[in-house]
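Below is one structure, written out as structure tokens, with a few remarks after it.
The values are calculated or read from the model by the stated rules, or taken from the named source; none is laboratory data. All values reported here derive from a predicted model rather than from experimental measurement. Cβ placement follows ideal geometry from the backbone for every residue including glycine, while neighbour counts extend to all protein chains displayed.
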Amino acid sequence: MPDNMSEKKDKNEHIEEDLSKNGTAEPNSEANESSGASSEAAEEEALAKDKEPEAELSEEEKLKNENAELNDRFLRLYSEFDNFKRRTAKERIELYKTAGEEVILALLPVLDDLDRAISSNVDNNDLKSVKEGFTLMEGKLKAALEQQGLENMNSLHTKFDTDMHEALTNIPAPKKKLKGKVVDVIEKGYLLNGKVIRYAKVVVGN
């Protein structure tokens with residue numbers, strides 16, 4: 001009998017040990033499973049939120065957004081146009097200031113010749129050399145102006161043209177073939193690159 005009692009006692013101790021072991025292991029596994037399930041649920045909820053369609057804007061909000069966009073575009077275009085207008089105005093002013101620079105540079109050699117002619121002819125009594133000097137300077141001046149597009153208007157004995165001539169007076173034509181034509185030029189006319197810049201003042205035969 002004592003042996004049987006000791007065997008039963010040993011068996012009971014083994015059973016208690018197994019129960020204690022199982023009891024401590026099972027709760028841990030259940031906790032792990034519950035935490036994994038909660039994390040999966042949280043991920044699914046986050047994905048669902050991302051997939052949720054954005055709320056549609058009302059007509060009033062759409063109009064406000066369009067109006068703000070158009071207003072911003074208008075301000076940008078206005079700013080660009082204002083800058084362009086200022087820039088072109090500045091360039092135009094600079095152009096006006098330097099428009100005659102090329103012509104002036106072309107005339108400076110003639111001015112130099114005039115200075116030299118005046119200085120060298122202070123005590124010169126040779127009229128012939130003085131005339132030759134003036135003739136040379138006139139030719140040089142004409143050449144410089146012609147290079148800039150200036151053209152002399154040859155009006156004498158040509159048909160009177162109101163687009164080219166300004167009649168100061170009429171006189172009887174000295175010859176029959178000169179009727180309605182220019183018989184005398186009081187002041188020469190000039191063209192610049194084909195455009196009349198000064199009308200010729202003439203006397204017309206009738």
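Can you name the number of the only condition in (1) under 30 Å from residue 146 (Cα atoms); (2) surrounded by 10 or more Cβ atoms within 10 Å (Cβ to Cβ) that residue 124 fails?
Answer for residue 124: the failing condition is (1).
Tally the residues that are aliphatic (A, V, I, L, M) and over 25 Å from the mean Cα position of the chain (by Cα), restricting the search to the range 51-103. Please lay out each step first, then the result.
The initial filter retains those residues of the range 51-103 that are aliphatic (A, V, I, L, M), namely 55, 57, 63, 68, 70, 75, 77, 89, 93, 95, 99, 103.
Restricting the remaining residues to those that are over 25 Å from the mean Cα position of the chain (by Cα) gives 55, 57, 63, 68, 103.
Total satisfying the criteria: 5.
Can you pull out the residues in the range 104-121 that are under 17 Å from residue 150 (Cα atoms) and exposed (fewer than 15 other Cβ atoms within 10 Å of the Cβ)?
Quick first cut of the range 104-121, residues under 17 Å from residue 150 (Cα atoms) only: 104-108, 110.
Across the range 104-121, the qualifying residues are 104, 105, 108.
Being surrounded by 15 or more Cβ atoms within 10 Å (Cβ to Cβ), out of contact with any helix residue (DSSP H, G or I) (no Cβ under 9 Å at 6 or more places or on another chain) and not assigned by TED's automatic domain parsing to the domain that holds residue 101 narrows it down to one of 156, 168, 178, so name that one.
Sole residue among the options that is surrounded by 15 or more Cβ atoms within 10 Å (Cβ to Cβ), out of contact with any helix residue (DSSP H, G or I) (no Cβ under 9 Å at 6 or more places or on another chain) and not assigned by TED's automatic domain parsing to the domain that holds residue 101: 178.
Could you list, ordered by first residue, the pairs with Cβ atoms under 8 Å in which the first is in the range 84-113 and closer than 30 Å to residue 138 by Cβ and the second is polar (S, T, N, Q) and part of a helix (DSSP H, G or I), at least 6 apart or interchain?
Here the result reads 106/147, each pair linking the range 84-113 to a residue that is polar (S, T, N, Q) and part of a helix (DSSP H, G or I).
Of all the residues that make up the range 143-153, how many are surrounded by 15 or more Cβ atoms within 10 Å (Cβ to Cβ) and either within 9 Å of residue 192 (Cα to Cα) or aromatic (Phe, Trp, Tyr) (or both)?
The first filter runs over the range 143-153 and keeps only residues surrounded by 15 or more Cβ atoms within 10 Å (Cβ to Cβ), leaving 144-145, 150-151, 153.
Next, from what is left, pick out any that are either within 9 Å of residue 192 (Cα to Cα) or aromatic (Phe, Trp, Tyr) (or both): 150-151.
Residues flagged as surrounded by 15 or more Cβ atoms within 10 Å (Cβ to Cβ) and either within 9 Å of residue 192 (Cα to Cα) or aromatic (Phe, Trp, Tyr) (or both) within the range 143-153 amount to 2.
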